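Enquirer: Pasting a structure below so you can have a look.
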Amino acid sequence: MRDKKMTISDVQVDEADYSGIRPLLEIRDLAITFKTSGGDVQAVRNAHLTIMPGETVAIVGESGSGKSTTALAAIGLLPNNGAVSHGQILLDGEDIAHATEKRMIELRGNTIGMVPQDPMSNLNPVWKIGYQVKETLRANGRPSGPDDVAQVLSEAGLPDAHRRAKQYPHEFSGGMRQRALIAIGLSCQPRLLIADEPTSALDVTVQRQILDHLDTMTTDLGTAVLLITHDLGLAAERADKVVVMYRGQVVEAGPSLALLQNPQHPYTKRLVESAPSLASRRIQVAREQGLEASDLLAPVAEAAASDQVLQIQDLRKVYKLRQGLGKTTAFAAVDGVSFDVKRGTTTAIVGESGSGKSTVAKMVLQLEKPTEGKILFDGVDTSLLKSSELFKFRRRVQPIFQDPYGSLDPMYNIYRTIEEPLRVHKIGDKASREKKVRELLDQVALPQSSMQRYPNELSGGQRQRVAIARALALDPEVIICDEAVSALDVLVQAQVLNLLADLQANLGLTYLFITHDLAVVRQIADHVCVMEKGKLVETGSTNNVFESPQQEYTKALLNAIPGAKLMLPPEVA
């Protein structure tokens, strides 16, 4: 195959020459319009995209750029107020842009599979996981016995699949729910899989396992993948081509490595510059100043007891799991964890889904009670706080949760969502609270016009920005960030991380950062705690853990980071 160049709507596109092979999916001059109370809004315009059989194409861009809307149009799942107003969507030569619902039902599953972004709202909470997989298999004429269901779950990386099939979504961690969705999307071996942020909730090791599985399908079955992602490292490593969308338009497209290593459009350049990697901004600053990275990432000095805002002592959390017929078994989600958090620093807890890191965060927030051990906040055991004291504690320690879909009340507009903590804690009057809300929206890069909108009218990244604004509303001393930036595109992610860093420098904030993204950890954290199966297996300064990991588990986490070396600037690589 030879490369050729072609110009479409003033956008230069690199295409491989597949002579004699018909594209599996071809989007031509696509425009998508939404009808709103304020008039028609064109979310996508003049979009072009080609996917050949067995090819992986990634669409990247910030929240609201139109990448997910384009994918939803291809599978006929646009909202009722959205429609294709112009252009074609050719699936194996058939234009399905205006296909009937009956025809789309025939195509979904066996021909086009879908892995949606949000695991909780896309799994039925009253159906067991196995039943939801079984329904998909049965609806598409596939074998759907217990062993068939278990095999599908196993291939998506869920251990002990027969037992997991009998559990409900609320019994799964966020990453496990996402794996269940991936299992459903892959269950019928579709010719085209649309994967909308399929690994955003997964730790790096499981992410690699899932993506390896997608690669195997592409090779062995000729399955093509349309990958929607904000992770440029993942796009560079996994996709044959990358399509960059900005404000509803394709602004650049081409072979992934060539495009990311030599971006031409100003927006693409901004995306690449904002991508977190092992060459974090802190390391780049050190090199620009002629310093070694270790000068900026030196171990944090031993803190006096008065400097330790949080002290976690022999923390343990045991759950009783039902085994049927009244029998239960004990499961230690957190087992003997101890670490300190120095005031004004960032401590990151990393590990795979199910390692216990989010459970630690919930216990620090007093949303879960420890089975054993102590959590000291400013030297006070939080388990002994009375109701009035706990109310004051919650003002000083605020959370940013992982799931922006579940943490925002769908009945509250954005203004009420952010203003509510101020009203509950009786801070200011109506005018001052409105001013504060406007300032917070500016800080998290949301337009003030969004105050009257509702969560269902926002993208996943926009919802997470609202959650961050709400956490900042009370000017807390400690913020517990549970995967706080995992749903954000790289530009907003960089902006939010810089914002958190500025707030920390100016206000002396302390962060406990729970994440599976080790590139982000390297960028922001002073101290790292690595958890595996409920235990703390390694801890130390960020520089020591990344440069000289002692445990094989930590080394495996570092080796699984997607595209880290590809994203290094030339002078660092």
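Enquirer: Tyr319 passes all but one of (1) surrounded by fewer than 17 Cβ atoms within 10 Å (Cβ to Cβ); (2) assigned to a loop (DSSP other than H, G, I, E, B); which number fails?
Expert: It is condition (2) that Tyr319 fails.
Enquirer: Can Leu390 be described as touching a residue at least 24 places away in the same chain (Cβ under 8 Å) and in a loop (DSSP other than H, G, I, E, B)? Write out each step before concluding.
Expert: On the way: touching a residue at least 24 places away in the same chain (Cβ under 8 Å): yes; in a loop (DSSP other than H, G, I, E, B): no.
No.
Enquirer: In addition: Determine if segment 495-513 includes at least one residue that is part of a loop (DSSP other than H, G, I, E, B) and within 27 Å of Gly64 (Cα to Cα). Even if it seems obvious, please write down each step before you answer.
Expert: Applying the first criterion (part of a loop (DSSP other than H, G, I, E, B)) to segment 495-513 yields 508-509.
Next, only the ones that are within 27 Å of Gly64 (Cα to Cα) stay: none.
Within segment 495-513 (the criterion being part of a loop (DSSP other than H, G, I, E, B) and within 27 Å of Gly64 (Cα to Cα)), the answer is no, since none of the residues qualifies.
Enquirer: Just give me the residues in segment 472-490 being surrounded by fewer than 21 Cβ atoms within 10 Å (Cβ to Cβ) and among the hydrophobic types (A, V, I, L, M, F, W, C), in sequence order.
Expert: The answer is Leu474, and nothing else.
Enquirer: Next question, about the same structure. Pairs needed: first member in segment 230-252, farther than 15 Å from Arg45 by Cβ; second member anywhere, part of a helix (DSSP H, G or I) and acidic (Asp, Glu); C-beta distance under 9 Å; at least 6 residues apart or different chains.
Expert: Arg238/Asp215
Enquirer: Going by what's in this entry, would Tyr412 be described as in contact (Cβ under 8 Å) with a residue 24 or more places away in the chain and not in a loop (DSSP other than H, G, I, E, B)? If you could, list the steps in order and put the result at the bottom.
Expert: On the way: in contact (Cβ under 8 Å) with a residue 24 or more places away in the chain: yes; not in a loop (DSSP other than H, G, I, E, B): no.
In short, no.
Enquirer: Test Ser459 against the criterion of being within 22 Å of Gln495 (Cβ to Cβ), among the hydroxyl-bearing types (Ser, Thr, Tyr) and modelled with pLDDT of 85 or more, and give yes or no. Reasoning before the result, please.
Expert: Numbers: within 22 Å of Gln495 (Cβ to Cβ): yes; among the hydroxyl-bearing types (Ser, Thr, Tyr): yes; modelled with pLDDT of 85 or more: no.
Spelling it out, it is not the case that Ser459 is within 22 Å of Gln495 (Cβ to Cβ), among the hydroxyl-bearing types (Ser, Thr, Tyr) and modelled with pLDDT of 85 or more.
Enquirer: Residues of segment 149-193 being acidic (Asp, Glu) and either within 29 Å of Leu25 (Cα to Cα) or in contact (Cβ under 8 Å) with a residue 12 or more places away in the chain (or both), which ones? Give the steps one after another, and end with the answer.
Expert: Step one: filter segment 149-193 for residues acidic (Asp, Glu), giving 155, 160, 171.
Within segment 149-193, Glu155 is the sole residue that qualifies.
Enquirer: Can you find a residue in segment 402-416 that is surrounded by 16 or more Cβ atoms within 10 Å (Cβ to Cβ), touching a Leu at 6+ places or on another chain (Cβ under 7 Å) and assigned by TED's automatic domain parsing to the domain that holds Ser353?
Expert: Looking through segment 402-416, none of the residues is surrounded by 16 or more Cβ atoms within 10 Å (Cβ to Cβ), touching a Leu at 6+ places or on another chain (Cβ under 7 Å) and assigned by TED's automatic domain parsing to the domain that holds Ser353.
Enquirer: Quick one: is Gly175 within 21 Å of Ser355 (Cα to Cα), crowded, with 21+ Cβ neighbours inside 10 Å and either in contact with an Asp or Glu (Cβ under 7 Å, 6 or more places away or on another chain) or outside the structural domain of Glu457 (by TED's automatic domain parsing) (or both)? So that I can check it myself, show each step before the final result.
Expert: Working: within 21 Å of Ser355 (Cα to Cα): yes; crowded, with 21+ Cβ neighbours inside 10 Å: yes; either in contact with an Asp or Glu (Cβ under 7 Å, 6 or more places away or on another chain) or outside the structural domain of Glu457 (by TED's automatic domain parsing) (or both): yes.
Taking the combined requirement at face value, the residue satisfies it.
Enquirer: Can you name the residue in segment 28-83 that is surrounded by fewer than 19 Cβ atoms within 10 Å (Cβ to Cβ) and hydroxyl-bearing (Ser, Thr, Tyr) and is also modelled with the highest pLDDT among such residues?
Expert: So the residue we want is Thr33.
Enquirer: Within segment 480-524, which residues are among the hydroxyl-bearing types (Ser, Thr, Tyr), within 17 Å of the chain's Cα centre (by Cα) and closer than 22 Å to Asn543 by Cα? First the steps, then the outcome.
Expert: From segment 480-524, those among the hydroxyl-bearing types (Ser, Thr, Tyr) are 486, 510-511, 515; that's our starting set.
Filter once more, keeping what is within 17 Å of the chain's Cα centre (by Cα): 486, 515.
Matches in segment 480-524: Thr515 only.
Enquirer: Would you check which residues across segment 232-258 are within 23 Å of the chain's Cα centre (by Cα) and part of a helix (DSSP H, G or I) and list them?
Expert: Result: Leu232, Gly233, Leu234, Ala235, Ala236, Glu237, Arg238, Ser256, Leu257.
Enquirer: I'd like the residue in segment 331-346 that is over 28 Å from Leu158 (Cβ atoms) and surrounded by 23 or more Cβ atoms within 10 Å (Cβ to Cβ) and, out of all such residues, is farthest from the chain's Cα centre (by Cα).
Expert: Here is the first cut: in segment 331-346, the ones over 28 Å from Leu158 (Cβ atoms) are 338-346.
Of the ones still in play, those that are also surrounded by 23 or more Cβ atoms within 10 Å (Cβ to Cβ) are 341, 346.
Working: Val341: 25, Thr346: 20 Å.
Looking at the filtered set, the residue picked out is Val341.
The values are calculated or read from the model by the stated rules, or taken from the named source; none is laboratory data. Bear in mind the structure is a predicted one, so any value in this text is a computation, not a measurement. Ideal geometry is used to build each Cβ from the backbone, glycine not excepted, and the neighbour counts take in all protein chains shown.
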